[in-house]
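The values are calculated or read from the model by the stated rules, or taken from the named source; none is laboratory data. Keep in mind that what you see is a predicted model, and the values were worked out from it rather than measured. Positions of Cβ are backbone-derived with ideal geometry, glycine not excepted, and every protein chain shown enters the neighbour counts. Just so you know, the surface numbers come from the protein's heavy atoms only, side chains and all, with ligands and any DNA or RNA stripped out. Shrake-Rupley method; radii C 1.70, N 1.55, O 1.52, S 1.80 Å.
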Amino acid sequence: VQLQASGGGLVQAGGSLRLSCTSSKRTASNNGMGWFRQAAGKEREFVAAISWNGGSTLYGDSVKGRFTISRDNTKGTVYLQMNSLKLEDPAVYYCAARRGSVGSSYPYEYNYWGQGTQVTVSS
């Protein structure tokens, strides 16, 4: 499974971005998916995860109420809608897929990773 993340860019604080993660295989529609982020000099941080059918979602404490994860299995794509972006949100955002059907907040439970997309927030 190859994952391609896109949608990053520069946005002002308070603004919005939508990230997309497209899978090379439709079989990824059976997998739990997640978004993680890593800022320079920091450890990788869990952002959000979603089950194979979108029925279950998880969010990191720092993004709850601001970010929304969703998926469209007909397109093999998972989205991360990011609203009310803050100055502490800038990072490289990675999407990941795991063989299990539910999402997880643990990076080590994911089997496939995308290349990351940079999100920058200006004041």
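Tabulated data
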read-out	value
Among the residues listed as 93, 106, 110, the single one being touching a residue at least 40 places away in the same chain (Cβ under 8 Å) and within 10 Å of the chain's Cα centre (by Cα)	93
Candidate set from region 105-114 (those that are among the hydroxyl-bearing types (Ser, Thr, Tyr) and open to solvent by less than 50 Å² (accessible area, probe 1.4 Å)); member that is nearest to residue 35 (Cα to Cα)	105
Residue list for region 56-77, filter: modelled with pLDDT under 95 and either in contact with a Cys (Cβ under 8 Å, 6 or more places away or on another chain) or over 17 Å from residue 5 (Cβ atoms) (or both)	73, 74, 77
Matching strands (runs of 3 or more DSSP E) fully within region 1-104 where at least 2 residues are surrounded by 17 or more Cβ atoms within 10 Å (Cβ to Cβ)	3-6, 17-23, 32-38, 45-50, 57-59, 67-72, 77-82, 91-98
